[in-house]
Amino acid sequence: MIFRKLELSDFRNIEDLEMIPGEKVNIICGENAQGKTNLMEALWLFTGAKSFRQTKDSEFIRFGTEKARLKADFYSENREQNAEITFSPSKSIKKNGIDIKTSAEYAGTCGGVVFSPSHMNLFRDGPKERRRLADTSLCQLYPKYISVLSDYNKVLLQRNTVLKDARYHSGLIDMLDVYDEQLARLGGNIIRTRVAYCESLNKKAAEIYKGMSAGREEFFAEYKTTVLSEDEHAESSLSTADWAQKLYNALQTSRNFDFEHGSTSMGPHRDDIEVTLDGMPVRSFGSQGQQRSCILSLKLGEAKLLGEAMGEPPLILLDDVMSELDSVRRDYILNSIGESQIFLTCCDKELFSGLSEGKVFIMEKGKIKET
Ligand SMILES: Nc1ncnc2c1ncn2[C@@H]1O[C@H](COP(=O)(O)OP(=O)(O)OP(=O)(O)O)[C@@H](O)[C@H]1O
Ligand SMILES: [Mg+2]
């Protein structure tokens, strides 16, 4: 997708903004707390994904006002389109003038990849962030995945409640059979989808890592699921039904353990994505530079997969990550984004003084100016 025009009003610290971005590189410079990330967040919301910051919808509305409005004209799916998102405080979306009822209905409109400083901690954080990496893309690739994920989480919550309450009401235990069956069916679908995604992502990311590191180490990323033992590999040839069966068996086996702990220990909500370099987990053994290169490879790999699946280059947002990277990696990114439109923020304009094409904007107190 390519943004043609963006208009924001009362969105976070941005009272009123109109921006005509360039088709390729857009650099947004400004001091701290001027609204750069807010702008990136607004762009990101048009991909249909949730904010990349963990926020409530009401937080988007500028303090002291009642309604945030975001409007964009963009080119996607071989045509000019527009969308409008409002928060007042609940969210409503219009696409090409038509009301959109659910996130799933909007998802798939435009693909995007975002890369922010929090991603730099991907290997230091827990598995939740790594699962999110896969889920964010999968929700864009397969809008139905959003509802499978949300149904799974609902059943999981119910099962956990029963595990806790059954101590006092033993009659509830029978309900676990129903939940186990439902969890296995939904979870099997999630595991199958993530295993296939990780396999494709690995192929792209390994190629990128090779280019970035001059083939020094071998990159390998794989989905690690709790329903297999540590040394087993998740085979992509397994069907949803196969995974459902494995998860069902795991839930049955772990029931006593889960009962004692009052939570569900097996299933996609506990799974992880493991990245190794020459067979060594980068999480425990990778240097900071190696970890960054792995993260970059995964993000750029994600962009490639989205681009292929959607048949058009995805939007790329790089919030504040350029100054954390050395110049070799910075150049690598700018040379490998293909036809994508890219927005990147930084505090130091000089970082891109050598840039031959693209637009540079200055952001100050929520207002933007092209230089
Ligand atoms: N709902 C809101 N209403 C008004 N201001 C808000 C709202 N939400 C956030 N802000 C303010 O927006 C300001 C700019 O935030 P933003 O994260 O975009 O800054 P930034 O330019 O990315 O800075 P940095 O370089 O430090 O990352 C913050 O000072 C924050 O307090
Ligand atoms: Mg910021």
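The values are calculated or read from the model by the stated rules, or taken from the named source; none is laboratory data. Every value quoted in this text rests on a predicted model; they were computed, and no experiment measured them. Cβ coordinates were reconstructed from backbone atoms using ideal geometry, including for glycine residues, and neighbour counts include every protein chain displayed. For accessibility, only protein heavy atoms count, side chains too; no ligands or nucleic acids. Shrake-Rupley method; radii C 1.70, N 1.55, O 1.52, S 1.80 Å.
Scan segment 88-108 for residues that are free of Cβ contacts under 8 Å to residues at least 60 places away in the same chain and in contact with a helix residue (DSSP H, G or I) (Cβ under 7 Å, 6 or more places away or on another chain) and the total you get is 9. In segment 116-136, the qualifying residues are those that are within 16 Å of ligand 1 (Cβ to nearest atom) and under 13 Å from the mean Cα position of the chain (by Cα), and the one that is nearest to residue 289 (Cα to Cα) is 119. Would you confirm whether or not segment 295-302 contains a residue that is among the polar types (S, T, N, Q) and within 16 Å of ligand 1 (Cβ to nearest atom)? No, there is no match, as no residue in segment 295-302 is among the polar types (S, T, N, Q) and within 16 Å of ligand 1 (Cβ to nearest atom). Condition test on residue 57, is it open to solvent by 40 Å² or more (accessible area, probe 1.4 Å), more than 13 Å from ligand 2 (Cβ to nearest atom) and of a type outside the set (Gly, Ala, Ser)? Yes: the conditions hold for residue 57.
Residues of segment 255-280 that are without any contact (Cβ under 8 Å) to a residue 40 or more places away in the chain and either under 30 Å from residue 293 (Cα atoms) or charged (D, E, K, R) (or both): 260, 280. Can you tell me which residue in segment 1-45 is farthest from residue 364 (Cα to Cα), limited to those that are in a loop (DSSP other than H, G, I, E, B) and more than 15 Å from ligand 1 (Cβ to nearest atom)? Here the residue is 1. With respect to residue 252, is the statement that it is of a type in the set (S, T, N, Q) and either in contact with a strand residue (DSSP E or B) (Cβ under 9 Å, 6 or more places away or on another chain) or in contact (Cβ under 8 Å) with a residue 24 or more places away in the chain (or both) true? Answer is yes for this residue.
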